[in-house]
2 protein chains.
Amino acid sequence: MLNNIGIVLVGTKYPGNIGSVARAMHNMGLDHLRLAAPQCRIDDEARRMARISNPVLASARCHRSLGAALRGFRLVVGTTGKSGGKREQTSSARALAPLILSHAARQRVAIVFGPEDTGLIDEDLKRCQWLMRIPTRPGAHSINLSHAVMVVSYELFLGHLGFEPARVPVLAGVDQIEAMYLQLETALRTIGFLHDENAAHMMFRLRRLLGRSGLERSDVGIMRGIARQLAWFGAARGRKP
Amino acid sequence: MLNNIGIVLVGTKYPGNIGSVARAMHNMGLDHLRLAAPQCRIDDEARRMARISNPVLASARCHRSLGAALRGFRLVVGTTGKSGGKREQTSSARALAPLILSHAARQRVAIVFGPEDTGLIDEDLKRCQWLMRIPTRPGAHSINLSHAVMVVSYELFLGHLGFEPARVPVLAGVDQIEAMYLQLETALRTIGFLHDENAAHMMFRLRRLLGRSGLERSDVGIMRGIARQLAWFGAARGRKP
């Protein structure tokens, strides 16, 4: 179950933090660390903080973007310390851990952490189906990166020790989902619902709305069927898709 | 309640760890940090890790021994990653947190963490009334000092919140939602995606899909906007809605 969970760090700036994250993961039984567009290298400081011969750090993989790092995952959970804006529906780490474990019993789950200074930005959040936060003292929301990974990993480790799975479906792959959004956007432009001014905002809203529901393959099939029909309609009226 | 809890670090070697501990405590609503016989000073590295003007670090007090640091406390809880020897009765942080909070509602409680390399030694343990541990992967017991403080502080903070509500939005009313589904069905018939044979089944699937996401009023607005545009399109092509 824990073996199906990956930790993805986006744009990390300090090698020491990568090492500390690897140490926390190793303590808590998590093995798979991916770095998306890291702003630093795995150096001696990282190895020092991870402790000697940490297998998590040794097997960490680098990717040029978050999209590339998420390949192969089904459920993508973003972490955020902020609220408001595009982050209206967030659940606490404790509340989400059992659900994440239920999914991890069947399929691969990525948990995504943003850069030290900004956290995840909107561009990253749009790839996340669920949002998770760690409760803090009011006004002290900024948690050290490795501390945040430690708390989330700890919740997952404790949850897996006393695990009762909820019934969850097999989710669609992220590549299928991205293809669906592309097709939907094209179709909604065809019928004039989207145009250059509102497309980014509206597609973001649709991503949040559909992402929260946990899309299965058959759901993606329905949405793509609607999009196909729209495109056919648009073409019949002489608009270009 | 949290104001009656003190974190006591014994023989800490690295200033960065003291700073990281102060940051974790501040995040989790704990204010009182005591250093017993520290092996380093609070320097720029400590202040860097604590983040600027961290009030926990600024008010940290140094004592020459653990005995001196514990003056004024009633309940003393030691932390250990080891087992065996004098550590036969240890409870997990999660199990102890509610008991510690119950005491903290009435009297001062100290939670004691040992040096980075050895943890608490027998001489320190004998001053502790309870022993607490953080569960780990077998064979990976050694947790970073500030990670250990973070987990314990997190358990206390969540325990003191008692109830940690998820952040949920105001949802759309069921009448609004039913009106949306009616409008959607009509529109999807207009473009030929639905017909009498498949409408009931497909609408049920759409209800499951959209229902899971927790529709807000603005979400309903978007879906109705799409439906309106579809109906307009269909009418323009001469089909009856």
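The values are calculated or read from the model by the stated rules, or taken from the named source; none is laboratory data. It should be emphasised that the depicted structure is a prediction, and the values quoted were computed from it without experimental measurement. Note that we place each Cβ from the backbone using ideal geometry, even for glycine, and neighbour counts take in every protein chain shown.
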message: among the basic types (Lys, Arg), under 21 Å from B:Asn144 (Cβ atoms) and more than 12 Å from the chain's Cα centre (by Cα): which single residue out of A:Arg61, A:Arg106, A:Arg47 fits that description?
response: A:Arg47
query: Is it the case that segment A:193-209 has a residue that's over 19 Å from A:Asp124 (Cβ atoms) and in contact with a Gly (Cβ under 6 Å, 6 or more places away or on another chain)?
result: no
task: Give me a count of the residues in segment A:153-178 that are at the interface with chain B (Cβ under 10 Å from one of its Cβ atoms) and among the acidic types (Asp, Glu).
output: 1
query: Here are A:Ser142, A:Ser153, A:Ser92: which of them is under 26 Å from A:Asn4 (Cα atoms), polar (S, T, N, Q) and touching a residue at least 60 places away in the same chain (Cβ under 8 Å)?
result: A:Ser153
- request: Name the residue, out of A:Ile134, A:Ile111, that is closer than 28 Å to B:Gly19 by Cβ, out of contact with any Leu (no Cβ under 9 Å at 6 or more places or on another chain) and either modelled with pLDDT of 90 or more or not assigned by TED's automatic domain parsing to the domain that holds A:Ser213 (or both).
  value: A:Ile134
- line: If we ask which residues in segment A:96-136 are more than 14 Å from chain B (Cβ to nearest Cβ), out of contact with any Phe, Trp or Tyr (no Cβ under 9 Å at 6 or more places or on another chain) and either of a type in the set (D, E, K, R) or within 18 Å of A:Tyr154 (Cβ to Cβ) (or both), their number turns out to be 8
field: Failed item in (1) more than 22 Å from A:Phe204 (Cα to Cα); (2) more than 10 Å from chain A (Cβ to nearest Cβ); (3) without any contact (Cβ under 8 Å) to a residue 40 or more places away in the chain, with B:Tyr181 passing the rest
entry: (1)
query: Got a number for residues in segment B:1-56 being over 22 Å from A:Ala140 (Cα atoms) and of a type in the set (Ser, Thr, Tyr)?
result: 2
- prompt: Of all the residues that make up segment A:30-52, how many are within 12 Å of chain B (Cβ to nearest Cβ) and surrounded by fewer than 21 Cβ atoms within 10 Å (Cβ to Cβ)?
  reply: 5
statement: Taking segment B:208-233 and the residues there that are at the interface with another protein chain (Cβ under 7 Å from one of its Cβ atoms) and β-branched (Val, Ile, Thr), the one that is farthest from A:Phe204 (Cα to Cα) would be B:Ile226
query: Do any helices (runs of 4 or more DSSP H) lying entirely in segment A:12-85 carry at least 3 residues that are farther than 24 Å from A:Ile121 by Cβ and in contact (Cβ under 8 Å) with a residue 24 or more places away in the chain, and which ones are they?
result: A:15-27, A:44-50, A:55-58
Output for segment B:137-152, where each listed residue is part of a loop (DSSP other than H, G, I, E, B) and either away from chain A (no Cβ under 11 Å) or buried (at least 21 other Cβ atoms within 10 Å of the Cβ) (or both): B:Ile143, B:Asn144
message: Any residue at all in segment A:192-207 that's farther than 30 Å from A:Leu101 by Cβ and surrounded by 20 or more Cβ atoms within 10 Å (Cβ to Cβ)?
response: yes
- request: For B:Ala24, work out the one condition from (1) away from chain A (no Cβ under 11 Å); (2) in contact with a His (Cβ under 8 Å, 6 or more places away or on another chain) it doesn't fulfil.
  value: (1)
task: Give segment A:188-200 a look and list any residue that's in a helix (DSSP H, G or I) and within 10 Å of chain B (Cβ to nearest Cβ), or say none.
output: A:Leu188, A:Thr190
- prompt: Failed condition for B:Ala58, given (1) surrounded by 13 or more Cβ atoms within 10 Å (Cβ to Cβ); (2) out of contact with any strand residue (DSSP E or B) (no Cβ under 9 Å at 6 or more places or on another chain); (3) among the hydrophobic types (A, V, I, L, M, F, W, C), with all others met?
  reply: (1)
